[in-house]
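Report on the structure given below.
The values are calculated or read from the model by the stated rules, or taken from the named source; none is laboratory data. Predicted model only: the values in this text are computed from it and were never measured. Heads up, the Cβs are rebuilt from the backbone with ideal geometry, glycines too, and the neighbour counts pull from every protein chain shown. The protein model used for the area step is the full one, side chains on, heavy atoms only, and it has no ligands, DNA or RNA in it. Shrake-Rupley method; radii C 1.70, N 1.55, O 1.52, S 1.80 Å.
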Amino acid sequence: MQKKITCIICPVGCEITVTGTKDTIEKIEGNQCKRGIKYVTDEYFDPKRILTTTIKIENYKLPVISVRSDKSISKKLIFKCMELIKKTCIKTPVGMKEVVIKNILDTGADIITTKTTEL
């Protein structure tokens, strides 16, 4: 199996080709630095992303407030995380980077607010 991945670690944006099977990488080509090797290895086996979304909030001028994960989460778990976030409601006031869901789905990532609110 061959997969093309654009590295996002530095501004160069190398187009890296990874050849392998489900469990092993046989060849990596196209990277211009060693950081690209680590990035595409992680991306090949378990791609991760920062989760950005909104969460319900009570006693605020808007019905929702923006939140994000403080660490990358496996793409396989994004929809399960969203189900949990959808069921959660927080209350004003909250501070910026306040943890609203700790260690979501045992990922090691916390869901945090991205702004401060007042009553």
Looking at (1) more than 14 Å from residue 111 (Cβ to Cβ); (2) under 15 Å from the mean Cα position of the chain (by Cα); (3) modelled with pLDDT of 95 or more, which is the only condition residue 8 fails?
(3)
Can you tell me which residues in segment 110-119 are open to solvent by less than 70 Å² (accessible area, probe 1.4 Å) and among the acidic types (Asp, Glu)?
110
Quick one: what pairs do we get from segment 35-64, first residue within 16 Å of residue 13 (Cα to Cα), second assigned to a loop (DSSP other than H, G, I, E, B) and among the aliphatic types (A, V, I, L, M), C-beta under 9 Å, 6+ apart or different chains?
35/9; 36/9; 36/12; 38/9; 39/8; 39/9
With the requirement that a residue be touching an Asp or Glu at 6+ places or on another chain (Cβ under 8 Å), of a type in the set (Ser, Thr, Tyr) and within 29 Å of residue 39 (Cβ to Cβ), what does segment 69-119 give you?
69, 74, 113
